[in-house]
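Q: Have a look at this one before I ask anything.
The values are calculated or read from the model by the stated rules, or taken from the named source; none is laboratory data. These numbers were taken from a predicted model, which means no experiment stands behind them. Positions of Cβ are generated from backbone atoms using ideal geometry, with glycine treated the same way; all protein chains shown enter the neighbour counts. For the accessible areas, the whole protein counts, side chains as well, though only heavy atoms, and no ligand, DNA or RNA atoms are used. Shrake-Rupley method; radii C 1.70, N 1.55, O 1.52, S 1.80 Å.
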Amino acid sequence: MTIKTYQYNKENIQSGIVHIGVGNFHRAHEQYYTNLLLENNDEQNWGICGICLLPSDENIVGHLRDQNLDYTLTVCGRNGEDEVYHIGSLTELIWGIEDPQAVIHKIAEKEIKIITLTITEGGYNLDKETNEFYLHDQKIKHDLENPKSPSTVFGFIAEGLRQRKLKGHGSITILSCDNLQHNGNTAKRAFTTFIEAQDKELAEWVKTNVTFPNSMVDRITPATTAEDIQRLNKKSGTDDQVPVYCEDFVQWVIEDNFIAGRPGWEKVGVEFTNDVTAFENMKLSLLNASHTLLSYPSFLKGYRKVDEAMMDKSIVKFIKDFMDTDITPYVPAPENTDLEQYKQTLIERFANHSVSDQVSRLCFDGISKFPVYIMPNLAKMIHDHKDLTRVAFLTASYRHYLKYKTDDNGNSYEVAEPWMTTEDTALTASDQPIDFLNLSAFKSVDLKSKEEFVKQFVQFSDEIKNHGLASTLESII
């Protein structure tokens with residue numbers, strides 16, 4: 001194991017970035033790149049001030065403060081060799097529950113040039129059917145009416161920008177690091193809609209003083225359990241209360257649209273481009289869609305770790321056939337990318353025993369994942385009269401996972417679907433499989449009218465119920 005401690009003097013680092021949502025992925029991705037960059041003497045005004053806005057953040061805030069905001073990141077190699085990085089790029093940490101005004105003042109500071117975000121795919125408050133910002137949410141209504149005492153990320157950023165404008169502290173970039181296609185466009189729609197509803201004068205200022213680059217982010221970063229903390233500390237010889245671990249693959253492609261300057265992240269491997277669309281499409285259609293594809297069948301087969309599922313030849317063939325037959329025809333390779341090598345690397349990443357991601361993490365919040373990862377390509381496949389077998393089987397697996405809450409081995413489990421509506425719950429409970437196709441996650445395609453899809457979906461639903469997931473999967477591979 002290699003241990004790498006940062007060599008820069010943390011006291012000399014100035015915060016140039018505010019990041020909202022200091023979770024594991026952020027600490028394994030943006031902080032990782034920035035920590036490497038700060039070793040350059042001419043980049044030391046790009047430290048990151050972390051901002052946490054949730055009551056549930058109290059634990060991580062307390063532990064990070066106890067550790068001078070430092071933590072360890074264990075990068076797990078596919079070859080079994082690990083590297084441990086001591087990360088020092090988190091220069092400040094503000095908890096909005098404790099000191100909301102400090103959040104606002106920080107966003108308004110002249111030295112801050114970029115606001116980055118990891119607020120989850122569902123955090124942008126967009127209606128899943130219309131894709132419009134939902135202004136009638138109670139917390140949103142509170143922030144619209146009480147701009148000086150915000151509680152949501154939209155209220156905090158709006159008030160921070162308002163103070164920034166009043167003080168003449170200049171333009172700023174808002175950079176989403178969430179796993180969404182065209183995440184910059186999504187962030188722009190959400191924040192500008194909120195601001196327009198709250199303060200039309202500020203909205204005019206935002207049009208010419210705030211940019212929203214799109215970006216593509218990638219690094220598998222599991223949740224860290226209490227057992228993981230003990231394991232990681234024992235291996236690294238540290239006493240870190242909030243360690244992070246991740247795979248050795250990392251990618252970040254960003255549209256180069258920074259109105260107030262940016263770090264030289266390209267020095268440490270970040271790719272800048274004029275258009276991230278091809279990179280987004282490749283990642284969402286291959287990695288994220290394949291994660292969703294393996295999640296429910298693997299879980300119902302009894303697997304709880306992704307690397308264990310990837311030792312199952314039927315699961316691996318299922319994924320490979322999906323990538324090669326169903327997805328590759330719709331994925332133009334981005335510049336300087338070998339698509340066959342990318343797919344092979346994905347299989348290796350999923351099978352990385354050192355990372356050992358949880359299948360339950362991939363199953364989490366399917367309501368938000370299907371519209372982004374599965375439905376766009378499914379619509380193309382239906383239009384082109386392609387073989388729908390694997391996606392119909394996935395949909396039937398998802399229904400069984402939600403409805404019966406028991407796997408092939410008789411083990412029961414809890415389902416975590418934070419965005420499921422009352423109507424969705426009723427559709428899931430129905431004994432008629434076809435009712436499930438009205439789920440909100442599938443609204444972009446009228447699946448009930450697609451005869452071939454319905455036929456296969458109903459057949460697989462019955463077979464999984466009567467014969468189990470494993471037997472049904474064998475029948476299609």
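Q: Which ³J(HN,Hα) values, rounded to whole Hz and listed in residue order, are derived for the range 31-45 from phi using the Karplus coefficients 6.51, -1.76 and 1.60 in 6.51 cos²θ - 1.76 cosθ + 1.60 with θ = phi - 60°, glycine and proline given as x?
A: Listing the rounded values in order: 5, 4, 4, 5, 4, 5, 5, 5, 5, 7, 4, 8, 10, 8, 9 Hz.
Q: Using a 1.4 angstrom probe and counting only protein chains, how large is the accessible area of Glu121 in Å², to 10?
A: About 60 Å², rounded to the nearest 10.
Q: On to the next question. Could you report the accessible area of Asp446 in Å², rounded to 10, computed with a 1.4 Å probe on the protein chains as they sit in the structure?
A: Per-residue accessible area (Asp446): approximately 90 Å².
Q: Among bridges DSSP assigns within the chain, what percent are antiparallel (round to 5)? Working shown, then result.
A: Details: 13 of 44 bridges.
Approximately 30 percent, going by the DSSP bridge assignments.
Q: Can you list residues whose amide H is under 5 Å from Tyr71's amide H, if they're 5+ apart or on another chain and H is modeled 1.01 Å from N?
A: Hits under the 5 Å cutoff: Ile87.
Q: Could you work out how far apart the two model spin labels at Thr422 and Thr328 are, taking each label as a point 7 Å from the Cα in the direction of the beta carbon, and quote it in nm?
A: If labels sit at Thr422 and Thr328, their model points lie 4.8 nm apart.
Q: Follow-up question, since we're still on this one. Only sites in a loop by DSSP and with at most 12 other Cβ atoms within 10 Å count here; which trypsin sites (Lys or Arg not before Pro) in the range 56-147 make the cut? Write down the numbers at each step before the final one.
A: Working: sites: Arg65, Arg78, Lys106, Lys110, Lys113, Lys128, Lys139, Lys141; in loops: Arg78, Lys110, Lys113, Lys128.
Here the trypsin sites (Lys or Arg not before Pro) that fit, given the DSSP loop and packing criteria, are Lys110.
Q: Once phi is turned into θ = phi - 60°, what whole-Hz ³J(HN,Hα) does the Karplus curve with 6.51, -1.76 and 1.60 give for every residue of the range 209-216, x standing for Gly and Pro?
A: Result, ordered by residue: 10, 10, 10, 10, x, 7, 8, 10 Hz.
Q: Can I ask one more? Please list 3J(HN,Hα) in residue order for the range 84-94, calculated via the Karplus relation 6.51 cos²θ - 1.76 cosθ + 1.60 where θ = phi - 60°; whole Hz, with x for glycine and proline.
A: Whole-Hz 3J(HN,Hα) from phi for the range 84-94: 10, 9, 8, 9, x, 7, 7, 9, 8, 8, 10.
Q: Decide, for the range 281-428, between rounded, prolate and oblate: order the square roots of the alpha carbon gyration tensor eigenvalues as a ≥ b ≥ c, take rounded if a/c falls under 1.5, and otherwise choose prolate if a/b is larger than b/c, else oblate. Could you put the intermediate results ahead of the total?
A: Working: a/c = 1.86, a/b = 1.27, b/c = 1.47.
In terms of gyration-tensor shape, oblate.
Q: Taking the 0 to 90 degree range and rounding to the nearest ten, how far is the long axis of helix 289-300 tilted relative to the main principal axis of the chain, both from C-alpha atoms?
A: Helix 289-300 sits roughly 60 degrees off the main axis of the chain.
Q: Can you list which of the GluC sites (Glu not before Pro) found in the range 24-106 are DSSP loop residues with at most 16 other C-beta atoms within 10 Å? The partial results should precede the final answer.
A: Working: sites: Glu30, Glu39, Glu43, Glu58, Glu81, Glu83, Glu92, Glu98; in loops: Glu39, Glu81, Glu98.
Those that pass, being in a loop and sparsely packed, are Glu39, Glu81, Glu98.
Q: Sticking with this structure for a sec: Taking the Cα centre of the range 1-67 as origin, sum charge times position over the Cβ atoms of Lys and Arg (+1) and Asp and Glu (-1), and report the length of that vector in debye to the nearest 20. Mind showing how you got there, number by number?
A: Working: 4 positive and 8 negative charges, 27 e Å.
Dipole of the range 1-67, to the nearest 20 debye: 120 debye.
Q: How would Thr34, Thr328 rank on accessible area, largest to smallest, probe 1.4 Å?
A: Details: Thr34 0, Thr328 35 Å².
Final ranking, largest accessible area leading: Thr328, Thr34.
Q: Here's a follow-up. Using modelled backbone amide H atoms (1.01 Å from N, in-plane), which distant-in-sequence or interchain residues come within less than 5 Å of Leu175's amide H?
A: Those lying under 5 Å, H to H, from Leu175 are Ile115, Thr116, Leu117.
Q: If you take the beta carbon distance between Asn409 and Asp435 as r and set R0 to 22 Å, what does 1/(1 + (r/R0)^6) give as a FRET efficiency, to the nearest 0.05?
A: Details: r = 27 Å, r/R0 = 1.25.
My answer for the efficiency is 0.20.
Q: In what sequence, largest accessible area first, do Asp338, Asp357, Asp431 appear using a 1.4 Å probe? Don't skip to the answer; put the middle values down first.
A: On the way: Asp338 85, Asp357 10, Asp431 120 Å².
Greatest to least solvent exposure: Asp431, Asp338, Asp357.
Q: Taking amide H positions as placed 1.01 Å from N in the peptide plane, with prolines and chain starts having none, which residues 5 or more places from Tyr245, or on another chain, fall under 5 Å of its amide H?
A: Thr74
Q: Top to bottom by accessible area (1.4 Å), largest first, where do Met311, Met282 land?
A: Details: Met311 155, Met282 0 Å².
Largest accessible area first, the residues go Met311, Met282.
Q: What length, rounded to one decimal in nm, is gained on full extension from Glu92 through to Asn40, with 0.36 nm per residue of separation minus their alpha-carbon distance? Walk me through the numbers before you get to the answer.
A: Numbers: separation 52, 0.36 × 52 = 18.72 nm, distance 1.98 nm.
Residue separation times 0.36 nm, minus the Cα-Cα distance, leaves 16.7 nm.
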